[in-house]
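All remarks here apply to the structure that follows.
The values are calculated or read from the model by the stated rules, or taken from the named source; none is laboratory data. The shown structure was predicted, so the numbers you read here are calculated from the model rather than taken from an experiment. Here the Cβ positions follow ideal geometry from the backbone for every residue, glycine too, while neighbour counts run over all protein chains shown.
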Amino acid sequence: MTREQPTGLALRAPTPADTDFIVAYRTDPTIAQAEGRDPAPTRAAATAFLTRLLAGEAAGTSRTWFLIVDDRAVGMIGLWGYTADRTRCELAYGLLPAYQGRGLMGQALETVCAQAFARDPLVALDCYTASTNLPSRRLLEAHGFTLAETLREPDQTGREVTMVRYQRPRP
């Protein structure tokens with residue numbers, strides 16, 4: 001079975017109207033496992049995440065973009081956890097499974113990194129992923145991130161996992 005190729009990628013800020021996408025994203029078991037969390041058990045739990053996301057945007061503590069293909073949100077990428085002097089932050093991303101493996105996140109990653117380094121006084125971006133998440137690791141390495149450390153820590157469910165932290169310095 002071949003995957004239909006999308007016609008193009010756009011990035012846009014999330015809005016309160018993005019409930020259906022957030023529910024699909026937060027309830028997907030594959031995405032939840034990759035993010036080290038349980039799937040959202042209800043629509044209300046999933047939409048609570050959208051509320052927190054929008055609050056972070058409004059407060060200036062995070063920046064998020066939705067990946068749009070054929071007028072449909074299919075993933076997200078964001079910056080959060082800024083240091084007080086805004087010289088470091090964490091990059092996080094995810095795609096609905098049907099859109100993975102098409103190069104979309106690589107395009108989004110380059111756009112977001114360029115915007116972040118142009119707008120903020122960032123010295124470096126950090127990105128954490130499970131040590132076993134080889135597609136994510138290959139993506140980061142292909143886009144200028146280097147392995148900075150390996151660590152053991154509990155994921156969002158409390159399970160102990162081996163994580164890797166990648167870092168991309170300011171160009």
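So, of the residues in the range 32-50 that are within 23 Å of residue 140 (Cα to Cα) and assigned to a helix (DSSP H, G or I), which turns out to be modelled with the highest pLDDT? Within the range 32-50, the match that is modelled with the highest pLDDT is 32. Checking each residue of the range 51-62 against the condition of being touching a residue at least 12 places away in the same chain (Cβ under 8 Å), assigned to a strand (DSSP E or B) and under 25 Å from residue 168 (Cβ atoms) gives at least one match.
Residues are listed down the side, and each one gets a yes or a no for (1) loosely packed, with under 13 Cβ neighbours inside 10 Å; (2) modelled with pLDDT under 95; (3) in a helix (DSSP H, G or I):
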site	(1), (2), (3)
76	no, no, no
82	no, yes, no
90	no, no, no
93	no, no, no
101	yes, yes, no
105	no, no, yes
108	no, no, yes
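Out of 68, 22, which single residue is farther than 24 Å from residue 143 by Cβ, within 16 Å of the chain's Cα centre (by Cα) and not basic (Lys, Arg)? Matching residue, one of 68, 22: 22. Residues considered: 2, 27, 61. Of these, the only one that is surrounded by 12 or more Cβ atoms within 10 Å (Cβ to Cβ) and modelled with pLDDT under 95 is 61. Set side by side, the residues 151, 122, 139, 147 differ, and just one is within 19 Å of residue 80 (Cα to Cα), hydrophobic (A, V, I, L, M, F, W, C) and either assigned to a strand (DSSP E or B) or without any contact (Cβ under 8 Å) to a residue 60 or more places away in the chain (or both), which is 122. Of all residues in the range 73-97, those satisfying the criterion of being in contact (Cβ under 8 Å) with a residue 12 or more places away in the chain and over 19 Å from residue 109 (Cβ atoms) are 85, 86, 87. If you check 157, 129, which single one turns out to be surrounded by 15 or more Cβ atoms within 10 Å (Cβ to Cβ) and more than 21 Å from residue 11 (Cα to Cα)? On inspection, the qualifying residue turns out to be 129.
Here residue 86 does not qualify as basic (Lys, Arg) and either at pLDDT 95 or above or assigned to a helix (DSSP H, G or I) (or both).
When the criteria are applied in full, residue 78 fails the requirement of being under 12 Å from the mean Cα position of the chain (by Cα) and within 20 Å of residue 8 (Cβ to Cβ). Being among the polar types (S, T, N, Q) and modelled with pLDDT of 95 or more is the filter here, so list the residues in the range 135-171 that pass it. Matches in the range 135-171: 136, 146, 150, 162, 167. Output yes when any residue across the range 37-52 is touching a Pro at 6+ places or on another chain (Cβ under 8 Å) and surrounded by 19 or more Cβ atoms within 10 Å (Cβ to Cβ), and no when none is. Checked against the condition, which is being touching a Pro at 6+ places or on another chain (Cβ under 8 Å) and surrounded by 19 or more Cβ atoms within 10 Å (Cβ to Cβ), the range 37-52 yields at least one hit.
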